[in-house]
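K.L.:
Input: one structure, supplied below.
The values are calculated or read from the model by the stated rules, or taken from the named source; none is laboratory data. Quick caveat: nothing in here was measured; it's all calculated off a predicted structure. Neighbour counts run over all protein chains shown; Cβ positions are idealised from the backbone, glycine included.
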Amino acid sequence: MVDAHWEDLRGRQLRYGDDVWELTGDLEIRESGRSLAVEARRTEDVRQPKATLFFDVTTPENSLNPGDLGEHFDRIERRRGEQRILVKREGRTYRYELHRVEPE
């Protein structure tokens, strides 16, 4: 189930382990906004297998409202081996850190 499509997220790439994943922009908001499930394709394989990348908010009390999503993707942040999706709303920035990948 897809809750939203963030066009600015589509085509962005992330590395997880030895694989490079290209995000499709389709995502599902889970756990009342504390988690994002983002669809992706592995770019280094000609078959481009699909997977879901799971991101959890770094500060649980500071998460998106799933009833008012909009398209607020700001950027991908890479620091000290961690990768995060940053989402900006009026006066707030939400950081969702990549925790796991589930292949389809």
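K.L.:
Of a type outside the set (Val, Ile, Thr), crowded, with 18+ Cβ neighbours inside 10 Å and in contact with an Asp or Glu (Cβ under 9 Å, 6 or more places away or on another chain): which single residue out of 19, 26 fits that description? So that I can check it myself, show each step before the final result.
P.N.:
Values: 19 fails: crowded, with 18+ Cβ neighbours inside 10 Å.
After ruling out the rest, the residue left standing is 26.
K.L.:
Out of everything in the stretch 13-44 that is modelled with pLDDT under 90 and small (Gly, Ala, Ser), what residue ends up being nearest to the chain's Cα centre (by Cα)?
P.N.:
Going through the qualifying residues, I end up with 33.
K.L.:
Restricted to the stretch 73-94, and to residues that are among the β-branched types (Val, Ile, Thr) and closer than 16 Å to residue 34 by Cβ, which residue is nearest to the chain's Cα centre (by Cα)?
P.N.:
85
K.L.:
Any residue at all in the stretch 57-74 that's surrounded by fewer than 18 Cβ atoms within 10 Å (Cβ to Cβ), part of a strand (DSSP E or B) and free of Cβ contacts under 8 Å to residues at least 24 places away in the same chain?
P.N.:
Yes: the stretch 57-74 contains one or more residues that are surrounded by fewer than 18 Cβ atoms within 10 Å (Cβ to Cβ), part of a strand (DSSP E or B) and free of Cβ contacts under 8 Å to residues at least 24 places away in the same chain.
K.L.:
Name the residue, out of 10, 78, 47, that is at pLDDT 85 or above and not in a strand (DSSP E or B).
P.N.:
The conditions single out 10.
K.L.:
Could you check residue 80 against (1) touching a residue at least 12 places away in the same chain (Cβ under 8 Å); (2) exposed (fewer than 15 other Cβ atoms within 10 Å of the Cβ) and say which number it fails?
P.N.:
So the condition that residue 80 fails would be (1).
K.L.:
Got at least one residue in the stretch 40-52 being of a type in the set (Gly, Ala, Ser), within 18 Å of residue 97 (Cβ to Cβ) and touching a helix residue (DSSP H, G or I) at 6+ places or on another chain (Cβ under 6 Å)?
P.N.:
Checked against the condition, which is being of a type in the set (Gly, Ala, Ser), within 18 Å of residue 97 (Cβ to Cβ) and touching a helix residue (DSSP H, G or I) at 6+ places or on another chain (Cβ under 6 Å), the stretch 40-52 yields no hits at all.
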